[in-house]
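Below is one structure, written out as structure tokens, with a few remarks after it.
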Amino acid sequence: MRHRGIGIFDSGVGGLTVFKEIAAVLPGENLIYLGDTARVPYGTKSDVTVQRYALEAAEFLVDRGVKLLVVACNTASAVALPALRQRFQIPVVGVIEPGARKAVLSRNRRIGVVGTEATINSGRYPDAIKALLPDAQIFSTACPLFVPLAEEGWADHEIARLTACEYLKDIIAARVDTLVLGCTHYPLLRKTLKKVLGGEVMLVDSAEETAKSVQQIFVQQGLAHPAHGGQREFFVTDVPTRFERVGRAFLGSDLAHVQQVQIG
Ligand code: DGL
């Protein structure tokens with residue numbers, strides 16, 4: 001069991017930010033990543049469709065014998081986590097609870113949440129934050145244009161700044177001291193968001209906290225692989241070219257040997 005890999009999936013490249021953090025804290029583990037690039041984005045689709053896609057992506061990884069599954073996509077975590085936990089026997093870790101744990105460090109208890117339409121409509125972030133901090137005030141906004149801006153390499157562009165100004169108007173007016181980046185693409189816009197919100201607002205990126213959760217489960221359940229130098233495998237459901245090119249910015253290094261597969 002301990003020698004088996006960790007399965008990580010996202011609708012596309014965004015989950016590579018989570019992959020990177022897991023690789024940093026658990027360097028000896030074998031990591032298998034699946035980007036469902038043929039069907040991205042998930043964030044504009046209905047819950048039923050996202051649940052079906054998530055189950056099919058997870059099935060692919062579970063069939064490869066992974067010992068733990070990471071749902072490195074906020075949208076899939078928001079709408080499909082219970083279905084995934086019900087279907088599979090292995091531990092399933094999403095990105096929302098880890099993000100909420102960090103968000104409640106807010107000092108003024110006024111917390112902004114940004115994400116895809118599906119994530120914001122699900123209300124999962126406010127639920128998870130209020131479960132830990134009942135008197136928190138949450139201000140949520142969907143920011144669908146952040147995803148193509150990040151993929152286009154325009155995260156630091158003036159267009160991204162203007163887009164952020166428009167989306168974050170109400171959140172700025174609400175004087176939040178914390179903003180949850182509830183989408184795996186948004187950490188790439190960190191610099192632009194800091195510019196728009198001001199340096200004092202804490203930006204919560206679920207990736208680091210999710211990696212910590214995986215580490216904790218490994219300790220609790222004795223799942224850690226003792227050896228070092230784990231393998232990294234990357235699979236996508238569309239041709240790898242765009243994933244390899246765009247993914248570099250998310251992973252912070254080159255992506256080698258990405259394989260195309262069919263799922264579902
Ligand atoms: N990975 C998705 C998320 O974190 C963003 C991209 C999409 O809409 O599929 O919500």
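The values are calculated or read from the model by the stated rules, or taken from the named source; none is laboratory data. A quick note: this is a predicted structure, and the numbers were derived from the prediction, not measured. Please note: Cβ atoms are built from the backbone with ideal geometry, for glycine as well, and neighbour counts cover all protein chains shown.
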Filtered residues of the stretch 55-76 (kept if within 11 Å of the ligand (Cβ to nearest atom) and assigned to a helix (DSSP H, G or I)): 74, 75, 76
Subset of the stretch 179-225 [part of a loop (DSSP other than H, G, I, E, B) and in contact with a Gly (Cβ under 7 Å, 6 or more places away or on another chain)]: 183, 184, 185, 225
So residue 106, is it assigned to a loop (DSSP other than H, G, I, E, B) and hydroxyl-bearing (Ser, Thr, Tyr): yes
Of all residues in the stretch 8-37 being more than 18 Å from residue 150 (Cα to Cα), of a type outside the set (Val, Ile, Thr) and within 16 Å of the ligand (Cβ to nearest atom), the one that is surrounded by the fewest Cβ atoms within 10 Å (Cβ to Cβ): 21
Filtered residues of the stretch 77-97 (kept if within 16 Å of the ligand (Cβ to nearest atom), surrounded by fewer than 23 Cβ atoms within 10 Å (Cβ to Cβ) and not hydrophobic (A, V, I, L, M, F, W, C)): 97
Filter result for the condition that a residue is in contact with a Ser or Thr (Cβ under 7 Å, 6 or more places away or on another chain), in contact (Cβ under 8 Å) with a residue 24 or more places away in the chain and surrounded by fewer than 16 Cβ atoms within 10 Å (Cβ to Cβ), over 170, 177: 170
Members of the stretch 38-52 that are hydroxyl-bearing (Ser, Thr, Tyr) and more than 9 Å from the ligand (Cβ to nearest atom): 46, 49
Residue, surrounded by the most Cβ atoms within 10 Å (Cβ to Cβ), within the stretch 146-159, restricted to residues that are within 16 Å of the ligand (Cβ to nearest atom) and part of a helix (DSSP H, G or I): 146
Residue within the stretch 124-145 that is assigned to a strand (DSSP E or B) and either under 26 Å from residue 221 (Cβ atoms) or under 16 Å from the mean Cα position of the chain (by Cα) (or both) present: yes
Filtered residues of the stretch 15-54 (kept if out of contact with any strand residue (DSSP E or B) (no Cβ under 9 Å at 6 or more places or on another chain) and in a loop (DSSP other than H, G, I, E, B)): 27, 28, 39, 41, 44, 45, 46
Residue check for residue 114: under 15 Å from the mean Cα position of the chain (by Cα), under 17 Å from residue 42 (Cβ atoms) and modelled with pLDDT of 95 or more: yes
Condition met for residue 63 (more than 27 Å from residue 171 (Cβ to Cβ) and surrounded by fewer than 21 Cβ atoms within 10 Å (Cβ to Cβ)): yes
